[in-house]
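Input: a single structure, listed below in structure tokens.
The values are calculated or read from the model by the stated rules, or taken from the named source; none is laboratory data. None of the values given here were measured: they were computed from a predicted structure. Note that we place each Cβ from the backbone using ideal geometry, even for glycine, and neighbour counts take in every protein chain shown. We work out accessible area using only protein heavy atoms, side chains counted, and drop any ligands, DNA or RNA first. Shrake-Rupley method; radii C 1.70, N 1.55, O 1.52, S 1.80 Å.
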Amino acid sequence: MRTLSAGWILLLMMNSCSLHVQPLSPISSPSPSSVKTRIHQPSELHDEIKSTLITTSLTPPTLWNTVLPRRFSPISAEEGFWIANYIHDDLHCVAQVIPPGNVNLFHRDQEHISEEAIRGILHATVRTLLEGELKDDDSSSAGRLVLKFSALDRKLLPYVKAILEEEHIEQQKFSSIYTGQCGMWVYEETSTNYLSLAEFNKDLPKGVSIRPLCQENAQLINERWEYRSDSSLTMIRKMIQISEDAFGGCVGLFVDNRLVSWICRYLNGTLGMLFTESEFRKKGYARLVVAAAVSDCYQKMAQRDGSMPTRTADGRMVSYIVDSNGASQRLYQKLGWKRVADADWVGFASRKRSKNTQSSA
């Protein structure tokens with residue numbers, strides 16, 4: 001294991017930005033003078049991040065170039081706090097941490113992963129959460145910290161796992177509590193003629209219609225969602241509201257006014273929660289709602305921005321599919337989507353801290 005030192009930076013909440021990239025310089029062992037720790041104002045952070053990301057048609061759809069920009073949206077960027085790690089003044093690693101313990105971790109260079117950059121991020125994350133006396137709401141034991149990583153690049157998982165399980169961070173030692181393996185899929189087709197939802201309905205059988213989801217549908221969607229939690233219904237209601245107001249993507253297929261198939265747009269812009277009631281499967285309904293949601297998002301984007309999206313990092317539609325869900329993977333392939341990265345959902349829990357440890361932390 002390397003023993004490089006690394007700086008971490010607690011970044012204040014960020015505003016939305018457009019993005020561009022520069023080649024990353026090779027990683028070498030930094031001297032103490034080459035590692036700097038700074039606290040950024042949002043305006044400073046805007047320019048810093050802007051210089052590390054890219055929006056050209058040749059951009060590889062990595063998690064850094066495709067998902068990280070979505071975390072900078074006005075809806076998402078203001079949640080929690082941001083931590084970044086610099087080596088030789090180059091930004092290597094960024095994390096958005098949303099209390100009580102949700103972590104979105106990104107590493108800039110997939111080919112040259114810096115263990116020290118990840119270590120700096122994790123130490124800063126745990127330290128900041130403990131200093132704020134933040135606990136995971138799902139934890140049944142007082143003093144138990146739970147870190148939940150969403151869409152974590154699978155290449156980073158061995159480093160995260162080793163650091164959390166083998167090192168004592170702020171007197172905490174973690175163990176793995178779950179791992180969900182997923183793929184990140186992108187839709188890169190572009191068109192200047194996406195159908196409206198009304199146009200989708202022209203060729204549907206009598207009694208079948210596609211239309212935006214509404215608040216009265218939220219309860220059913222939450223009940224059918226495999227990963228529902230105490231807070232998921234509130235999240236779904238917010239997703240539907242934002243879809244109605246501006247972004248689109250929360251779409252359902254109705255048979256005789258009964259909602260039987262649907263997909264939602266998450267707050268970070270990705271599509272998910274695809275579901276069809278069992279008695280209505282194998283009728284092509286899931287295919288219709290995915291296609292309709294894509295068109296709805298792009299139509300709303302054109303209305304909002306004044307032009308149709310391009311085949312660029314921030315114009316791509318993104319969705320995550322569990323590796324074991326072969327049916328959804330085949331469906332997405334038929335619709336022109338492509339799997340481009342491994343993105344996993346993983347959780348780690350610390351051991352229960354003693355009262356002495358809690359007071360000293």
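A few remarks follow.
- Over the stretch 72-188, Cα pairs under 8 Å with separation of 6+ residues give a relative contact order of 21 percent.
- Heavy-atom SASA rank of ASP245, ASP89 (probe 1.4 Å, accessible area, largest first): ASP245, ASP89
- Largest to smallest accessible area among ASP230, ASP296, ASP342 [probe 1.4 Å]: ASP230, ASP342, ASP296
- Here the stretch 207-270 has 47 percent of its accessible surface on carbon and sulfur atoms, given a 1.4 Å probe and all protein chains in place.
- Checking the cross-link pairs LYS283/LYS334; LYS155/LYS338; LYS202/LYS238 against a 21 Å limit on the alpha carbon distance flags LYS202/LYS238 as lying beyond it.
- Scoring 195-207, 92-104 by mean Cβ neighbours within 10 Å over their residues and listing the highest first yields 92-104, 195-207.
- Compared with the direct C-alpha span, the chain from LYS155 to LEU233 gains 24.9 nm at full extension, assuming 0.36 nm per residue.
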